[in-house]
2 protein chains.
Amino acid sequence: MKPLYEKVDLPVASIRRYLEPGPIVLVSSTHGERRNVMTMGWHTVIEFSPSLIGCVISSNNHSFGMVRDSGECVINIPTSALAEEIVGIGKCSGAWIDKFETFKLTTEPAKLVKAPLIRECFANLECRLVDDSLVGKYSFFVFEVVKAHAATTPKYPETLHYMGDGTFMVSGKIIEQHPKFSAGILWRRILNALRPVQRA
Amino acid sequence: MKPLYEKVDLPVASIRRYLEPGPIVLVSSTHGERRNVMTMGWHTVIEFSPSLIGCVISSNNHSFGMVRDSGECVINIPTSALAEEIVGIGKCSGAWIDKFETFKLTTEPAKLVKAPLIRECFANLECRLVDDSLVGKYSFFVFEVVKAHAATTPKYPETLHYMGDGTFMVSGKIIEQHPKFSAGILWRRILNALRPVQRA
């Protein structure tokens, strides 16, 4: 059974914690009568506020025209429980099938964009295209996250990170404010570096 | 003891496997008499060939001017063995100290750029700035990887992935061509979706 997450609204400036670690994501889009979902791994946070994300959606992809023409999408973040869907969605084209139906994904309406949210994903980021100046050259889109939804549990969902050639890394343990990272050690090192006599 | 990796040359089109999973990286740069290294988490692959990477280097960062003015940098990928250095480098400014000395990092000359390679990192990507059109607006640089070096072992080094607020995710297990991802399952689903009679 795939999970169906209940979510709460998130401040859009805080979505960095979901994307910066580099998970593979599912991008949903719609334009006119058509809708689609694609697997995407090439993305980066660009700014906290406004909340900006940059990503590559190849012009070979069926979603490219829908995202460019509608100026909207939803970035859905799946856990490893959706591994089969992530790979399957990445291997076929929405030109021939409705991938939401094929992969039995539950959609629900977004609040500020027309592209659907995917309930089986633990976070959904509603995005508006704010800069298409590099779309022609690199298929690189800059989106503003205008609304964010995320499950409150688990705190650190297990994500998949793509390495190419069918290989994935699964997210591992979490280090929160590890004692090794203390400011004390840092300042001792800096002070040592500033005392050339002691280092001679 | 920090590792000192022996490396081989890599085809630049293959560096996606190192960056797409989203590790935190160390960016080294030099210009004139100055040099610096910074911690960076906001990056994405943009293209295989030419091998393009996009990343954000904030104008608040001491490295910003060096990278922009020299048009070069090296993206060094550390393992979790360098956790203390990753955090420490991210917390101080190269305006006051030489961070390579402070954090006892071993540099060696790059082949095609002037910025130094860091031997304690398992991969070093020599980069040239090829598009600065979004530098003014978002501090977003597009680099071409012109030379790549990587250790051959371990095959999957343990990397750190930043989530903000002092929290890191450590890379976990690797899934290579998992049987769940077989084309058979995928095609069965697609064929099922294409047979509306059976789905009624």
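Which residues of segment B:1-32 bury at least 20 Å² of accessible area once all protein chains are present, versus their chain alone (1.4 Å probe)? Correct list: B:16, B:17, B:20, B:21, B:22. Under 5 Å between amide hydrogens, built in the peptide plane, is the criterion, and for residue A:146 it picks out A:126, A:127, A:128 among residues at least 5 positions away or on other chains.
The shape of segment A:113-167 comes out oblate: with a ≥ b ≥ c from the C-alpha gyration tensor, a/c is at least 1.5 while a/b does not beat b/c.
Remark: the protein assembly as shown carries a charge dipole of roughly 600 debye about the Cα centre, counting +1 on each Lys and Arg Cβ and -1 on each Asp and Glu Cβ. Panel values: the protein assembly as shown, Kirkwood radius from alpha carbon pairs, Stokes-Einstein at 20 °C and 1.002 mPa s, translational diffusion coefficient 98 µm²/s. Going through the cross-link list A:155/B:99; B:91/B:114; A:147/B:155; B:99/B:147; A:155/B:173; A:137/B:147, which pairs have a Cα-Cα distance over 30 Å in this structure? Beyond 30 Å: A:155/B:99; A:147/B:155.
Note on residue B:165 and residue B:14: the extension gain reaches 51.2 nm, defined as 0.36 nm multiplied by sequence separation minus the Cα-Cα distance.
Only aspartates and glutamates eight or more places from residue B:7 in sequence, or on another chain, were considered; those with a Cα closer than 19 Å are B:108, B:120, B:126, B:158.
Counts of other chain beta carbons within 10 angstrom of each beta carbon in peptide B:43-50 average 5. By its C-alpha gyration tensor, with a ≥ b ≥ c as the square roots of the eigenvalues, how is chain B shaped: rounded for a/c under 1.5, else prolate for a/b larger than b/c, else oblate? Prolate, because a/c is 1.5 or more and a/b exceeds b/c.
Towards the positive end of the charge dipole of segment B:53-189, with charges on Cβ (+1 Lys, Arg; -1 Asp, Glu), say which of B:74, B:156, B:96 has the farthest Cα. In segment B:53-189, that residue is B:156.
Mean separation of Cα pairs under 8 Å and 6 or more residues apart, divided by the residue count, gives chain A a relative contact order of 25 percent.
D by Stokes-Einstein for segment A:58-116, Kirkwood Rh over Cα pairs, 10 °C, 1.306 mPa s: 125 µm²/s. PRE reach from residue B:101 (point 7 Å along Cα→Cβ): which of segment B:14-33 fall under 18 Å by backbone N? Residues passing the 18 Å test: B:29-33. Normalised by the number of residues in segment A:48-129, the average gap of Cα pairs under 8 Å and 6 or more apart makes the relative contact order 37 percent. For segment B:21-29, backbone phi angles converted through the Karplus equation (6.51, -1.76, 1.60; θ = phi - 60°) give residue-by-residue couplings of x, x, x, 6, 10, 10, 9, 9, 8 Hz, Gly and Pro being listed as x.
Charged side chains reduced to their Cβ positions (Lys and Arg at +1, Asp and Glu at -1) give chain A a dipole of some 920 debye around its Cα centre. Distance between the C-alpha centres of segment A:3-31 and segment B:106-123: 36 Å, rounded to the whole angstrom.
The values are calculated or read from the model by the stated rules, or taken from the named source; none is laboratory data. Only a predicted model underlies this, so the values are computations on that prediction, with no experimental measurement involved. Please note: Cβ atoms are built from the backbone with ideal geometry, for glycine as well, and neighbour counts cover all protein chains shown. Just so you know, the surface numbers come from the protein's heavy atoms only, side chains and all, with ligands and any DNA or RNA stripped out. Shrake-Rupley method; radii C 1.70, N 1.55, O 1.52, S 1.80 Å.
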